[in-house]
Amino acid sequence: SLLLNTSVVKGDVKDSGNKDGRLRIGYCQAGDYYEFDYQIYQIGMALADAGELVSSELMKLRQGDNAKVVWDALSHAESGYYEFDRKSYFDITAPAFAALSEEEAGERLAELIDENDIDLMITMGTSAGIMVKESSDVPYMNFLASDPVLSGITGGEQLSGDKRAWAHVSSGIEQKAIDVMDDIFKPKKLGIVYSAEDPDAYIYSGASSLDDYAWRNRKMIVREFVTDEFEDTEAAYREYKANMLAAHEKLAESGIDVYILTTSYLRLDDFYEVLYPFIKRSIPVFSINSTEDVRCGALAAVEMYDYQNIGKFAADALSKYRNGTGLDRLSQEYVTSPFLVVNIDTMRQTGVKLPLDTLISASKIYGKYEGN
């Protein structure tokens, strides 16, 4: 049967101690971030839909469940093709890594990948993708990096040019979203918050795309900086949330026309509270991160990631890879058809009036703040 097939040919993969021929997979992310949760869940579901694994535990879950919970379910999946190693779930913001220097953390990650005899790493986001690339020699597939080409996770848009590298590429999607924002609000002065301490943050936050837009259109950017690397404790999260709120208060008082909401580690049910400085001052909040931000209080966004179809794209790439196609020969580009999402409740509270044709063009309109 399909699930008992163990004659798997691995493409450009190191020899594994896994004698049954399955591709032994590990996972790495940086921080507990809901988009990572969504994407690993949809990758698992796409593999199940393709008949490449069976997991009763995965079927009990839903999009939004924590990535660690999803990984545990995948580690118990029955498959003749893949083994998701339960021990090889790594969050490089966890205390075991956060207590180390960046170099030491990379070395420790590489040691664990090697000890667990991993054939392929799935990485989420820019920071995890870069750390796996630079610290280990294991092949990897990357998802949800803001610009995997600019950050060097992959060497090109269509093809990686590297036998151990593959990344989902969605070319120019942030710039398209910013251009939509410009068409709607026509701002002169915009605000953004990102981490100044992490050089990768300039890319994964979308700040580089915003600067390109500002340079082309002679706009002013006001910046506040909040460190997004913190320990995985409730106290550390509360401090991060307070710092984000303080940064938003400063920006709201600076005279900006639009606030650009980018990647953050805010919990979804905290968004409305932390965005309230803009809402009470009638400043539009436009997300270049996710439409989930709109559900939780941002005014508008352009959807940039279709997690379900990216999951299918990933499952297809995995299938081709295990059948012998090198990562450097696998197509990387999948671009989600952009669509506008609006929160009508936030619109009413801010008093911001959107053109009727904009509202008509919206693919989804939230009627109220829905929380998490």
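Of everything in segment 209-231 that is closer than 18 Å to P187 by Cα and polar (S, T, N, Q), the residue that is surrounded by the most Cβ atoms within 10 Å (Cβ to Cβ) is S209.
Of all residues in segment 332-366, those satisfying the criterion of being more than 20 Å from L275 (Cα to Cα) and assigned to a helix (DSSP H, G or I) are L356, D357, T358, L359, I360, S361.
Taking segment 43-67 only, how many residues are touching an Asp or Glu at 6+ places or on another chain (Cβ under 9 Å) and in contact (Cβ under 8 Å) with a residue 24 or more places away in the chain? Here the count works out to 9.
Taking segment 126-185 as the range and being of a type in the set (A, V, I, L, M), more than 19 Å from S290 (Cβ to Cβ) and assigned to a loop (DSSP other than H, G, I, E, B) as the test, the residues that pass are V138, V149, L150, I153, L159. When M121 is tested against the conditions (1) over 15 Å from Y33 (Cβ atoms); (2) assigned to a helix (DSSP H, G or I); (3) touching a Pro at 6+ places or on another chain (Cβ under 8 Å), the lone failure is (2). Out of all the residues in segment 186-201, which are of a type outside the set (S, T, N, Q) and buried (at least 18 other Cβ atoms within 10 Å of the Cβ)? Across segment 186-201, the qualifying residues are P187, L190, G191, I192, V193, Y194, D198, D200, A201. Name the residues in segment 232-258 that are out of contact with any Lys or Arg (no Cβ under 7 Å at 6 or more places or on another chain), open to solvent by 10 Å² or more (accessible area, probe 1.4 Å) and not in a helix (DSSP H, G or I), would you? If the condition is that a residue be out of contact with any Lys or Arg (no Cβ under 7 Å at 6 or more places or on another chain), open to solvent by 10 Å² or more (accessible area, probe 1.4 Å) and not in a helix (DSSP H, G or I), then D232, T233, E253, S254 are the ones that fit.
Let's see how each residue does on (1) more than 15 Å from the chain's Cα centre (by Cα); (2) modelled with pLDDT of 95 or more; (3) open to solvent by 20 Å² or more (accessible area, probe 1.4 Å):
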site	(1), (2), (3)
E52	yes, yes, no
K60	yes, yes, yes
S75	yes, yes, yes
K87	yes, yes, yes
F97	yes, no, no
L100	yes, no, yes
D117	yes, yes, yes
L120	yes, yes, no
T123	no, yes, no
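Here A165 does not qualify as open to solvent by less than 10 Å² (accessible area, probe 1.4 Å) and modelled with pLDDT under 90. Restricting segment 336-361 to residues that are closer than 30 Å to L144 by Cα and free of Cβ contacts under 8 Å to residues at least 40 places away in the same chain leaves a set whose member that is surrounded by the most Cβ atoms within 10 Å (Cβ to Cβ) is D345.
Against the criterion of being crowded, with 24+ Cβ neighbours inside 10 Å, touching a Phe, Trp or Tyr at 6+ places or on another chain (Cβ under 9 Å) and either in contact (Cβ under 8 Å) with a residue 40 or more places away in the chain or under 30 Å from D182 (Cβ atoms) (or both), A298 qualifies. Taking (1) in contact with a Leu (Cβ under 9 Å, 6 or more places away or on another chain); (2) modelled with pLDDT of 95 or more; (3) in a helix (DSSP H, G or I); (4) surrounded by fewer than 23 Cβ atoms within 10 Å (Cβ to Cβ) in turn, E111 satisfies each apart from (1). Considering only segment 308-331, state which residues are more than 17 Å from G80 (Cβ to Cβ), open to solvent by 20 Å² or more (accessible area, probe 1.4 Å) and outside any loop (DSSP other than H, G, I, E, B). Passing the criteria: Q308, N309, K312, F313, D316, D328, R329. Once segment 280-291 is narrowed to residues that are buried (at least 21 other Cβ atoms within 10 Å of the Cβ) and not aromatic (F, W, Y), the residue that is farthest from E174 (Cα to Cα) is I283.
The values are calculated or read from the model by the stated rules, or taken from the named source; none is laboratory data. Every value quoted in this text rests on a predicted model; they were computed, and no experiment measured them. Ideal geometry is used to build each Cβ from the backbone, glycine not excepted, and the neighbour counts take in all protein chains shown. Side chains included, ligands, DNA and RNA excluded: accessible areas come from the protein's heavy atoms. Shrake-Rupley method; radii C 1.70, N 1.55, O 1.52, S 1.80 Å.
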